[in-house]
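Let me begin by presenting the structure, written as structure tokens, before commenting on it.
The values are calculated or read from the model by the stated rules, or taken from the named source; none is laboratory data. As the structure is a prediction and not an experimental result, all values here were calculated from the model. FYI the Cβ positions are ideal-geometry reconstructions off the backbone, even for glycines, and counts take in every protein chain you see.
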Amino acid sequence: MVASRPASEPIPLTSGHPTTDFSIVVPSFNQGNFIGNTLDSLLQQEYPRLEILVMDGGSTDETVDVLRTYGDRIRWVSEPDEGQSDALQKGFSLATHEWLGWLNSDDIQVNRALFHVDRAVRANPNADVVVGQGHYMNKAGEYQRPYPTIAVGPDVDVCHELFTKGYVAQPSVFFRRSVYERAGGVDRNLQFAMDYDLWVRLARVGSTFVGVETDISGNRWYAETKTTTATLPLLADVVAVQIRDYGRVSPFIVQAISDYLYQTIHANHSGDTHHLVYRTAYFKSLWFALNFRSPLYCARGLLRQQIAKSGPVVGDELSMNELAKAVVKLVHSRGGKFLSSLIKQES
């Protein structure tokens, strides 16, 4: 059973004559508990011009048994591979249709997603990449919260959006084979941020991005997911992409890493008291370490760039006045403790 759409979502499309051909690659490894839900979310749309290719990495659970139940409604391969990026690259090389996308074997499409994308393509014949909205869901497939995403449109610099925000709901992105090939395809050397890397390269080759305002995918988020268990490797991939393509690292990514390190190294052991001061110190140190290759940008950030108070988000920036008050509070607290210790020693 595909998870219900959020109550705020519009009624799915039920009419029209789709003309867009889609090939959706489903990379899979030992996701037998979820892959049926994933495939059903594609097939239950009853989209007439759809090719599904499951690239399974030699699963040892019930995945293959589940795949066999779909007969000729899907194409699938189950053999050892070199990870998700390798599976995607192989899948796209086998795809026969013009428009491509991928759906991880624990994610889903919702609200007759392909019909919405087809409508966007028909309305924008020059479109190369379609970016829809999405949401996070828990392990049971229950809606949790919206998936933040970048802005797209005729007056939007998508390269800049990808640098400053980086947000894209991967299961809600579709692209033409021609621009995929022009951008160089999926990088097999990346195992965590291969999607972000591809979006940046699609933007840099001049692809035309258009948006779909409807929530069309659910991204399953739970403790065992790869992106949850490998936060630093994921962010390291993003840093490598940003340094390669932009020559610097964005405030959002610097803070995502610095807050993670602060929480792991400091807060988990010493508590969260005076967190604004300590998080700022982590941020500024990491800013220098990651951006020293771009001296002017690095210096400007050291002087002016502040953390977002509620975490690595765009906006909600800590003011200098707030930081000064936090520093005074820390110094007062430390000074009081120091004086108290001296008095105890003398007594």
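If the requirement is being over 21 Å from ARG122 (Cβ atoms) and without any contact (Cβ under 8 Å) to a residue 12 or more places away in the chain, which of these qualifies: GLY185, GLY166, GLY206, GLY141? Break it down stepwise before answering.
Numbers: GLY185 fails: without any contact (Cβ under 8 Å) to a residue 12 or more places away in the chain; GLY166 fails: without any contact (Cβ under 8 Å) to a residue 12 or more places away in the chain; GLY141 fails: without any contact (Cβ under 8 Å) to a residue 12 or more places away in the chain.
Matching residue, one of GLY185, GLY166, GLY206, GLY141: GLY206.
Might you check whether a residue that is in the same structural domain as ILE35 (by TED's automatic domain parsing) and part of a helix (DSSP H, G or I) occurs anywhere in the stretch 213-223?
Scanning the stretch 213-223, I find no residue that is in the same structural domain as ILE35 (by TED's automatic domain parsing) and part of a helix (DSSP H, G or I), so the answer is no.
Checking the condition among the acidic types (Asp, Glu), modelled with pLDDT of 95 or more and more than 23 Å from GLY141 (Cα to Cα), which residue from ASP61, ASP21, ASP40, ASP56 passes? If you could, list the steps in order and put the result at the bottom.
On the way: ASP61 fails: more than 23 Å from GLY141 (Cα to Cα); ASP40 fails: more than 23 Å from GLY141 (Cα to Cα); ASP56 fails: more than 23 Å from GLY141 (Cα to Cα).
Criteria check complete, one pass: ASP21.
Residues checked against (1) over 22 Å from the mean Cα position of the chain (by Cα); (2) buried (at least 24 other Cβ atoms within 10 Å of the Cβ):
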| site | (1), (2) |
| --- | --- |
| SER23 | no, no |
| SER28 | no, yes |
| ASN33 | yes, no |
| GLY36 | yes, no |
| ASP40 | yes, no |
| LEU43 | yes, no |
| TYR47 | yes, no |
| GLU51 | yes, no |
| SER59 | yes, no |
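Does any residue of the stretch 156-170 turn out to be closer than 25 Å to ASP81 by Cβ, part of a helix (DSSP H, G or I) and not acidic (Asp, Glu)?
Yes.
Scanning the stretch 249-271 for residues that are out of contact with any Gly (no Cβ under 9 Å at 6 or more places or on another chain) and either within 27 Å of GLY206 (Cβ to Cβ) or crowded, with 20+ Cβ neighbours inside 10 Å (or both), which turns out modelled with the lowest pLDDT?
Pass one, the stretch 249-271, residues out of contact with any Gly (no Cβ under 9 Å at 6 or more places or on another chain): 249, 257-258, 260-271.
In the following step, the residues that additionally are either within 27 Å of GLY206 (Cβ to Cβ) or crowded, with 20+ Cβ neighbours inside 10 Å (or both) were identified as 249, 257-258, 262.
On the way: VAL249: 98, ILE257: 96, SER258: 96, TYR262: 93.
That would be TYR262.
Yes or no: the stretch 81-100 includes at least one residue that is under 18 Å from VAL212 (Cα atoms), crowded, with 17+ Cβ neighbours inside 10 Å and either of a type in the set (Val, Ile, Thr) or in the same structural domain as LEU202 (by TED's automatic domain parsing) (or both). Break it down into steps so the answer makes sense when it comes.
Of the stretch 81-100, the ones under 18 Å from VAL212 (Cα atoms) are 99-100.
Next, from what is left, pick out any that are crowded, with 17+ Cβ neighbours inside 10 Å: 99-100.
This time we only want the ones that are either of a type in the set (Val, Ile, Thr) or in the same structural domain as LEU202 (by TED's automatic domain parsing) (or both), so: 99-100.
Yes: one or more hits.
Could you give every pair whose Cβ atoms fall below 7 Å, whose first residue belongs to the stretch 35-58 and is closer than 26 Å to GLY83 by Cβ and in the same structural domain as LEU103 (by TED's automatic domain parsing), and whose second residue is β-branched (Val, Ile, Thr) and at pLDDT below 95, counting only separations of at least 6 or pairs across chains?
Within 7 Å, the pairs are ASN37/VAL2; ASP40/VAL2; SER41/VAL2.
Any idea which of GLN109, GLN89, GLN144 is modelled with pLDDT under 95 and within 20 Å of the chain's Cα centre (by Cα)?
Values: GLN109 fails: modelled with pLDDT under 95; GLN89 fails: modelled with pLDDT under 95.
Exactly one of GLN109, GLN89, GLN144 is modelled with pLDDT under 95 and within 20 Å of the chain's Cα centre (by Cα), namely GLN144.
Could you run through the stretch 191-212 and say how many residues are modelled with pLDDT of 95 or more and either outside the structural domain of ASN104 (by TED's automatic domain parsing) or among the aromatic types (Phe, Trp, Tyr) (or both)?
3
Filter the stretch 31-69 down to the residues that are closer than 18 Å to ILE108 by Cβ and assigned to a loop (DSSP other than H, G, I, E, B) and list them by number.
Passing the criteria: GLN31, GLY32, ASN33, PHE34, GLN44, GLN45, GLU46, TYR47, THR69.
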